Amino acid sequence: MSSIAIITARGGSKRIPRKNIKDFCGKPIINYSIEAALKSGLFDEVMVSTDDEEIADIARNAGANVPFMRSAETSTDTATTADVLLEVFDNYEKMGRKFDIACCIYPTAPFVTADKLKDAMNLLTTSGAQSIVPMSEFSYPPQRGLFINEDGYVKMLHPEYAQTRSQDLQKLYHECGQFYIFKVEDFKVFKDTTMENSVPYIIDPVESQDIDNESDWILAELKYKFLEEHRNK
């Protein structure tokens with residue numbers, strides 16, 4: 001079976017300027033995703049989908065391919081990951097190449113490693129799943145969440161759980177936003193990386209961090225440095 005790793009790296013970023021190539025612990029953050037994909041040895045093709053020439057140059061220098069630039073339609077704020085991936089598959093098919101398995105890796109995912117990708121790929125092939133979804137457990141039960149109503153008062157989102165012990169509530173998870181591995185033909189049907197038969201790949205919250213603002217970036221670097229020091233001991 002043929003496989004491809006697709007790193008999705010649009011040029012625009014409003015909250016963190018040039019986010020996808022910003023220096024993260026000594027190198028452009030996109031390099032971590034590219035290097036993990038290459039080091040895994042899993043993929044016949046490791047490519048970056050981008051609309052930005054500087055990102056394309058950095059990606060090529062890191063060892064990825066950029067055989068075509070992303071279209072204007074998939075470079076907007078409203079374009080979805082599915083839109084980008086479908087465009088990539090369509091462009092490769094026009095070049096005479098088709099893939100059975102794909103891995104979408106986000107460009108701001110420095111906690112992705114070759115070992116994680118290999119574990120997730122093995123899970124996909126042995127489980128018979130349509131896709132693998134990396135997830136982490138919520139640190140606090142969402143069922144006990146609070147909100148502020150229109151009058152400014154604190155209310156429970158689910159008051160029926162007010163007297164339920166935390167340990168008795170169902171464990172809930174959130175996607176890590178690092179990568180997805182999936183069967184391409186199934187993706188074309190569902191147009192989503194989470195499908196009818198998706199299997200979780202559980203990631204420790206210490207090895208995961210959404211990076212949406214400068215505070216997130218600082219926390220991600222602290223986590224990364226901590227993990228690097230721990231690995232070297």
Inset, instruction - Under 12 Å from the Cβ of residue 195, count the other residues' Cβ atoms, weight Lys and Arg +1, Asp and Glu -1, and hand me the total. - result: -1
Legend entry - Check: segment 112-233 dipole with +1 on Lys, Arg Cβ and -1 on Asp, Glu Cβ, in debye: 380
Inset, instruction - Report, to the nearest whole %, how much of the accessible area of segment 10-90 belongs to carbon and sulfur atoms, 1.4 Å probe, protein only. - result: 46
Inset, instruction - Keeping all protein chains in position, work out how much accessible area residue 54 exposes to a 1.4 Å probe, and write it in Å² to the nearest 10. - result: 100
Legend entry - Computed lengthening from residue 210 to residue 80, 0.36 nm per intervening residue step minus Cα-Cα distance: 45.1 nm
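With a 10 Å radius around each residue's Cβ, average the other Cβ atoms per peptide and rank 34-42, 176-184, highest first.
Most protected by this proxy first, the peptides run 176-184, 34-42.
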Inset, instruction - Roll a 1.4 angstrom probe over the protein heavy atoms and tell me the percent of accessible area of segment 96-233 that is carbon or sulfur. - result: 50
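Determine the gain in length on full extension of the stretch residue 157-residue 229; use 0.36 nm per residue of separation and subtract their C-alpha separation, reporting nm with one decimal.
That pair, residue 157 and residue 229, stretches by 21.9 nm at full extension.
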Inset, instruction - Compute the FRET efficiency between residue 126 and residue 44 as 1/(1 + (r/R0)^6), taking r as their Cβ-Cβ distance and R0 = 22 Å, and round to the nearest 0.05. - result: 0.60
Inset, instruction - Enter the accessible area of residue 161 (Å², nearest 10), with the probe set to 1.4 Å and all protein chains included. - result: 80
Inset, instruction - Please give the per residue accessible area of segment 1-54, computed with a probe of 1.4 Å over protein heavy atoms only, in Å². - result: 42
Inset, instruction - Return the whole-Å distance between the Cα centroid of segment 1-44 and the Cα centroid of segment 122-138. - result: 21
Legend entry - Entry for Cα extents along the principal axes in Å (calculated from the structure that is shown) out of (1) 48, 41, 30; (2) 75, 40, 26; (3) 60, 45, 39: (3)
Inset, instruction - Multiply the residue separation of residue 171 and residue 53 by 0.36 nm, subtract the distance between their alpha-carbon atoms, and state the gained length in nm to one decimal. - result: 38.1 nm
Inset, instruction - Write down the accessible area per residue of segment 168-233 in Å², having rolled a 1.4 Å probe over the full set of protein chains. - result: 62
Inset, instruction - Would you calculate the separation in nanometres between label points at residue 149 and residue 15, each defined as 7 Å from the Cα along the Cα-to-beta-carbon direction? - result: 2.9
Legend entry - Two-decimal Rg/Rh across segment 109-233, once Rg and the Kirkwood Rh are taken from alpha-carbon atoms: 1.05
Inset, instruction - Go through 94/225; 19/118; 19/116; 27/118; 116/171 and tell me which ones have a Cα-Cα distance over 32 Å in this structure. - result: 94/225
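The values are calculated or read from the model by the stated rules, or taken from the named source; none is laboratory data. All values reported here derive from a predicted model rather than from experimental measurement. Backbone-built Cβ (ideal geometry, glycine too); neighbour counts: all protein chains shown. In case anyone asks, the SASA skips ligands and DNA or RNA and just uses the protein heavy atoms, side chains included. Shrake-Rupley method; radii C 1.70, N 1.55, O 1.52, S 1.80 Å.
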